[in-house]
Amino acid sequence: MAPRLSAASLTIAALLIGAPVLADDAGLGKDLKATIALQGMPCNEIATTKQNGDSDYSATCKDGNRYHIFVNAQGRVIVQKL
């Protein structure tokens, strides 16, 4: 049986997959911060974001933590601490 994803996880994945990156897009920072928090990792506030590719982002938090957030081949949202 496949693991069940919460509605919040599915919403975040959908936002990451379809979200355009704009320099002043505060919504993207909030989405990435929520994604990081759902994975149980610390991030007080997003300072900078960078789009590496489709559904692939790097984020730096004001507390100094850096993360790679992406959707893998199986469609799962992955957050890796850098």
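The values are calculated or read from the model by the stated rules, or taken from the named source; none is laboratory data. Quick caveat, the model's predicted, so the values are computed rather than measured. All Cβ positions, glycine included, derive from the backbone under ideal geometry; neighbour counts span all protein chains shown.
Listed values, structure above:
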quantity: Selected residue (criterion: surrounded by the fewest Cβ atoms within 10 Å (Cβ to Cβ)) from residues of segment 50-82 that are of a type outside the set (S, T, N, Q) and part of a loop (DSSP other than H, G, I, E, B); calculated: 73
quantity: Criterion: at pLDDT below 65, among the small types (Gly, Ala, Ser), in contact with a helix residue (DSSP H, G or I) (Cβ under 9 Å, 6 or more places away or on another chain) and farther than 14 Å from residue 75 by Cβ - qualifying residue of 13, 19, 23, 34; calculated: 19
quantity: Residue pairs meeting the criteria (Cβ under 9 Å; at least 6 apart or on separate chains; first of a type in the set (Asp, Glu), in segment 32-53; second surrounded by 13 or more Cβ atoms within 10 Å (Cβ to Cβ) and outside any loop (DSSP other than H, G, I, E, B)); calculated: 45/29; 45/33; 45/61
quantity: Selection count, segment 64-75, where residues are over 11 Å from the mean Cα position of the chain (by Cα) and either farther than 16 Å from residue 34 by Cβ or touching a residue at least 40 places away in the same chain (Cβ under 8 Å) (or both); calculated: 6
